[in-house]
Structures are given as C-alpha cells and as structure tokens.
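J.: Pasting a structure below so you can have a look.
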C-alpha cells in the first residue's frame, strides 16, 4: 500500500453537501498504514450527519482499487465546529465555550415550539453532543416541566454567576427556575430583554456544542435583543399545517432575514394525529402548511412531527422518549448548521475589516469584495438610523447637521449580532450617544461618500 495512492483514491469520495472530497475537507484523521491493514477515522464536523455511513462505504469502495490493499478499518467520529463569529472579543465570557447557538422560533403561540425544542435538544444529547437549552419565553416558560423540573427553584447566584440546571444530559436555564410557577411574569418588553442579556452573560454554560434557545412566539423585543446580543448559527421556524399558521410564520421568517440570521429550515408540527396502536394519520389540522412555507421561501423542510399520545404524555411527565423521526429532523438541523458554520466567513454582509482611527474621527471599512470606504465620524453620526434621528414612519431625518458637534468622535464600535455594529459617540445630545448601523446601511453610506467625492472633483 502506498500513501499517495491511498490519498488519491480518497479524493474521489465527494461529500454531496459541499461538493468537495473528504481529503480536502479534512474529514480523514489519524491514518496509519500497516503491511496488511489500513486504519483511519472519518471525522465529520457535526453529529448525526445523514451522509456519514454513506461516505464510509464510498471510502471502502474507492480503496478497493489500491494495489495490495489489505484490511480496511474505518472508524466514525465527529467534532462540532464553532461558528467563527462567536470568536469575536466581545462575546460574553459565559459563551466562550459555546460552539453554536440555534434559535427555535414561531410566528405565533400554540404550535408546540417548546415541545419541539426539548425533543430536538434531547436527540442531540442522546447522540453524544454537549447541549444546553435557554428558555427565553419569559411569559410562558414551559421547558422546566417538560424536562421534569417543574418545581425546581434556583438559589442565589455566586458573584453574579448563575449555574444552569442539568436534566436529561442537558444544561438548562429558564425564567421558570426564578419565579413561582403560579406567579405570572408581568414585565414590559425592555425588562424582559434585559433578562435575556443577563441569561446570556451571567449563566455559566461551560463547554457546549449546541445551545438551543426557546424563543417566545412572535417578533418582539426579546427576539430582537437576542439577534443583536450574540451571533446565532441560525433559526429553526416551527409551524403547523393550517394556512393561517403559514401566514403568521412568514412574519418570523422575514424578521430573521432582516437581521441577517440564517434560517436553517422549517419544522411542521402537529402534522396529523396518529392514534395509539395505529399507523393511520388523521389530518385534523389540515395539510401542507410547513411544506408550502418552505417552498415559498426556498428553505429546507426539516421534517414533520405528528401528534402522538406517547410523546404528549412524555412531555407532561418530563420523561425522555426516543423517536426516530425526531432524530432524523435533528440530523437535518445538524447538517444545515454545519453548512452555515463552514460558509460563514464568506458572508457578503459583514466587512472584512472595520477600524476607527486613533483620533476617533475616521472610520475605515474594507468589504468582502475588497472595496474600501473611508467615512468621517461627523458623517456617520449625521446618518444615524435610530428613532431619535430618523422618523420611523416617514423616514424623514430628524437630526440637523448644525446640531452635531463638528469635532464629534466615535468612541467605540461593538458588533451587533451578525448584521451590524453599534457606534458610541461623544455627542452630549439626549439619545445621541449611540446608534445601531446595519452593514447594508454602512455600505450605502460608503457608496454615497464615494459618489459625493467624485461629484465634487
């Protein structure tokens, strides 16, 4: 056996997801070549990959043509890759060991979003992944009951750090652990948003492959806060078969698209009722709502989950139940997340580099297509898109150039999610000391500055 021949043979094995061979993708690890035996590990970048077994068999088939090949031993393994943008210096210390954050969302309540979150997270955990669940549905936290911790209450924190509760091999944090289950949470949106930020920054998550976030229904403050606070690997949209659910799910889809969060796919929950002891499906809520949404938005339909009595009873009692269909859905989520992680650095939205000059009066942006824009701090401040500076209904500019200090400086720039940056200014005017700028808005400002300079010349 010759190492070159072996490598050449394996380069013919193509991963259908990335259209590249297993050698260039770095899947082949720990190869040892003996006189009569070849050993190596085929390590995938995520658990439960649907094509793992297929690639192993293709490797065996390709190696049959190698001269004097002996016994072939191929082990299967995986190691989850971290979303590159989570390596940013502003990532909260509590998330330094978290590799992926996935939001489970819905356009409306009552679609079984929390049930889906628990089932999917448990499928990942049973496959060996390190998993956490963050329940930010602060007004209706149901996750604790679904994992058998409905009566659990957290004690005080040590030095401002909250320890997550463990259940079913997962780390869990929920508003339900901080309040009496009979006491309603009566908070305005900004207060709820502050809690989300505290959960992200004060919970000691440790090492996690995946942190699943059970979102509240709709498109409110909490959803926006989460999308701004940390980069998300992606979002999974849960809907039901009805036409009205499809329509409402569309709002959630568009919200995530606007803040540049990848949508990993759609899960159609309550896709028919299967009576105990029967395989017959009764479509009591109609058919095809999830499929229609996936087709309309060109998104993967990750799978359909039927109403089943055993699953319902397990959730009510906080018992883990293995389900092959849910495992398959989880494998599709793992696949889609892996695609996002692998391709993130190629995103057209984020700049390659963004620097503020030492004097704070010049912003230099280099984009993915190597275009470079130089903006003055005065111009950046004057084009702030926040509600203090722009009328949200008419789009009319509220701030006047004469109201901005001529020597205004950019004091700090902080990434916001995966779609923008927050600039802080030394402008003393009320509400004028900071603003969130999307990358799209900054690109437009840069192009306008270039056009203006060309016109003046």
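The values are calculated or read from the model by the stated rules, or taken from the named source; none is laboratory data. Computed from a predicted model, the values in this text were never measured in an experiment. Glycine gets a Cβ as well: all are built from the backbone with ideal geometry, and neighbour counts include every protein chain shown.
J.: Would you confirm whether or not the range 20-40 contains a residue that is on the phi > 0 side of the Ramachandran plot and not in a loop (DSSP other than H, G, I, E, B)? Before you say what the answer is, go through the steps one by one.
T.: Residues of the range 20-40 on the phi > 0 side of the Ramachandran plot: 26, 30.
Next, from what is left, pick out any that are not in a loop (DSSP other than H, G, I, E, B): 30.
Checked the range 20-40: at least one residue is on the phi > 0 side of the Ramachandran plot and not in a loop (DSSP other than H, G, I, E, B).
J.: I've got another one for you. Restricting to the range 269-298, name every residue that is on the phi < 0 side of the Ramachandran plot and touching a residue at least 60 places away in the same chain (Cβ under 8 Å).
T.: Going through the range 269-298, the residues on the phi < 0 side of the Ramachandran plot turn out to be 269, 271, 273-276, 278-285, 287, 289-297.
Within the range 269-298, 269 is the sole residue that qualifies.
J.: A further question on this structure: Before we move on, is residue 391 modelled with pLDDT under 80 and closer than 26 Å to residue 258 by Cα?
T.: On the way: modelled with pLDDT under 80: yes; closer than 26 Å to residue 258 by Cα: yes.
The answer is yes for residue 391.
J.: Please go through the range 215-236 and give me each residue that is at pLDDT 80 or above and under 16 Å from residue 135 (Cα atoms), ordered by number.
T.: Going residue by residue through the range 215-236, those that are at pLDDT 80 or above are 215-216, 230-236.
If the condition is that a residue be at pLDDT 80 or above and under 16 Å from residue 135 (Cα atoms), then 215, 216, 230, 232, 235, 236 are the ones that fit.
J.: Based on what the data block shows, is residue 336 modelled with pLDDT under 90, under 29 Å from the mean Cα position of the chain (by Cα) and either surrounded by 13 or more Cβ atoms within 10 Å (Cβ to Cβ) or outside the structural domain of residue 50 (by TED's automatic domain parsing) (or both)?
T.: Working: modelled with pLDDT under 90: no; under 29 Å from the mean Cα position of the chain (by Cα): yes; either surrounded by 13 or more Cβ atoms within 10 Å (Cβ to Cβ) or outside the structural domain of residue 50 (by TED's automatic domain parsing) (or both): yes.
Considered against the rule, which asks whether it is modelled with pLDDT under 90, under 29 Å from the mean Cα position of the chain (by Cα) and either surrounded by 13 or more Cβ atoms within 10 Å (Cβ to Cβ) or outside the structural domain of residue 50 (by TED's automatic domain parsing) (or both), residue 336 comes out as no.
J.: Does residue 307 fit the bill of being touching a strand residue (DSSP E or B) at 6+ places or on another chain (Cβ under 9 Å), in contact (Cβ under 8 Å) with a residue 24 or more places away in the chain, buried (at least 17 other Cβ atoms within 10 Å of the Cβ) and more than 27 Å from residue 98 (Cβ to Cβ)? Outline the logic, then answer.
T.: Numbers: touching a strand residue (DSSP E or B) at 6+ places or on another chain (Cβ under 9 Å): yes; in contact (Cβ under 8 Å) with a residue 24 or more places away in the chain: yes; buried (at least 17 other Cβ atoms within 10 Å of the Cβ): yes; more than 27 Å from residue 98 (Cβ to Cβ): yes.
Judged against the criteria, residue 307 is a match.
J.: Name the residues in the range 358-387 that are free of Cβ contacts under 8 Å to residues at least 60 places away in the same chain, more than 29 Å from the chain's Cα centre (by Cα), assigned to a loop (DSSP other than H, G, I, E, B) and surrounded by 14 or more Cβ atoms within 10 Å (Cβ to Cβ), would you?
T.: 361
J.: So, one more: Hey, could you check the range 339-360 for residues that are under 29 Å from residue 19 (Cβ atoms) and touching a helix residue (DSSP H, G or I) at 6+ places or on another chain (Cβ under 8 Å) and say which is modelled with the lowest pLDDT? Steps first, answer last, please.
T.: Restricting attention to the range 339-360, the residues satisfying the condition of being under 29 Å from residue 19 (Cβ atoms) are 339-352.
Next, from what is left, pick out any that are touching a helix residue (DSSP H, G or I) at 6+ places or on another chain (Cβ under 8 Å): 341, 344-345, 349-351.
Working: 341: 88, 344: 69, 345: 52, 349: 56, 350: 69, 351: 81.
Result: 345.
J.: Select from the range 31-51 the residues that are over 18 Å from residue 80 (Cβ atoms) and either in the same structural domain as residue 125 (by TED's automatic domain parsing) or in contact (Cβ under 8 Å) with a residue 12 or more places away in the chain (or both) and list them in ascending order.
T.: If the condition is that a residue be over 18 Å from residue 80 (Cβ atoms) and either in the same structural domain as residue 125 (by TED's automatic domain parsing) or in contact (Cβ under 8 Å) with a residue 12 or more places away in the chain (or both), then 31, 33, 34, 35, 36, 37, 38, 39, 40 are the ones that fit.
J.: Restricting to the range 76-91, count the residues that are surrounded by fewer than 18 Cβ atoms within 10 Å (Cβ to Cβ), touching a residue at least 24 places away in the same chain (Cβ under 8 Å) and either more than 16 Å from the chain's Cα centre (by Cα) or assigned to a strand (DSSP E or B) (or both).
T.: 4
J.: Within the range 394-412, track down each residue that is in a strand (DSSP E or B) and surrounded by 16 or more Cβ atoms within 10 Å (Cβ to Cβ).
T.: So the first thing to find is which residues in the range 394-412 are in a strand (DSSP E or B), and the list is 397, 410-412.
Of everything in the range 394-412, just one residue is in a strand (DSSP E or B) and surrounded by 16 or more Cβ atoms within 10 Å (Cβ to Cβ), namely 410.
J.: Would you tally the residues in the range 347-357 being in contact with a strand residue (DSSP E or B) (Cβ under 8 Å, 6 or more places away or on another chain) and in a loop (DSSP other than H, G, I, E, B)?
T.: Qualifying residue count for the region: 3.
J.: Conditions: (1) closer than 28 Å to residue 209 by Cβ; (2) touching a strand residue (DSSP E or B) at 6+ places or on another chain (Cβ under 6 Å); (3) buried (at least 18 other Cβ atoms within 10 Å of the Cβ). Residue 49 meets all but one. Number of the miss?
T.: Result: residue 49 passes all but (2).
J.: What is the residue count in the range 52-66 for residues that are assigned to a loop (DSSP other than H, G, I, E, B) and either in contact (Cβ under 8 Å) with a residue 40 or more places away in the chain or in contact with a helix residue (DSSP H, G or I) (Cβ under 8 Å, 6 or more places away or on another chain) (or both)? Let's see the steps before the verdict.
T.: Step one: filter the range 52-66 for residues assigned to a loop (DSSP other than H, G, I, E, B), giving 64-66.
Filter again for either in contact (Cβ under 8 Å) with a residue 40 or more places away in the chain or in contact with a helix residue (DSSP H, G or I) (Cβ under 8 Å, 6 or more places away or on another chain) (or both), leaving 65-66.
Summing the residues that are assigned to a loop (DSSP other than H, G, I, E, B) and either in contact (Cβ under 8 Å) with a residue 40 or more places away in the chain or in contact with a helix residue (DSSP H, G or I) (Cβ under 8 Å, 6 or more places away or on another chain) (or both) in the range 52-66 gives 2.
J.: Answer yes or no: is there a residue in the range 237-252 that is within 30 Å of residue 413 (Cβ to Cβ) and either in the same structural domain as residue 416 (by TED's automatic domain parsing) or out of contact with any helix residue (DSSP H, G or I) (no Cβ under 7 Å at 6 or more places or on another chain) (or both). So that I can check it myself, show each step before the final result.
T.: From the range 237-252, those within 30 Å of residue 413 (Cβ to Cβ) are 252; that's our starting set.
Okay, now just the ones that are also either in the same structural domain as residue 416 (by TED's automatic domain parsing) or out of contact with any helix residue (DSSP H, G or I) (no Cβ under 7 Å at 6 or more places or on another chain) (or both), so 252.
Within the range 237-252 (the criterion being within 30 Å of residue 413 (Cβ to Cβ) and either in the same structural domain as residue 416 (by TED's automatic domain parsing) or out of contact with any helix residue (DSSP H, G or I) (no Cβ under 7 Å at 6 or more places or on another chain) (or both)), the answer is yes, since at least one residue qualifies.
J.: Scan (1) assigned to a helix (DSSP H, G or I); (2) closer than 30 Å to residue 419 by Cβ; (3) out of contact with any helix residue (DSSP H, G or I) (no Cβ under 6 Å at 6 or more places or on another chain) for the single condition residue 122 breaks and write down its number.
T.: Only one criterion is unmet by residue 122, namely (2).
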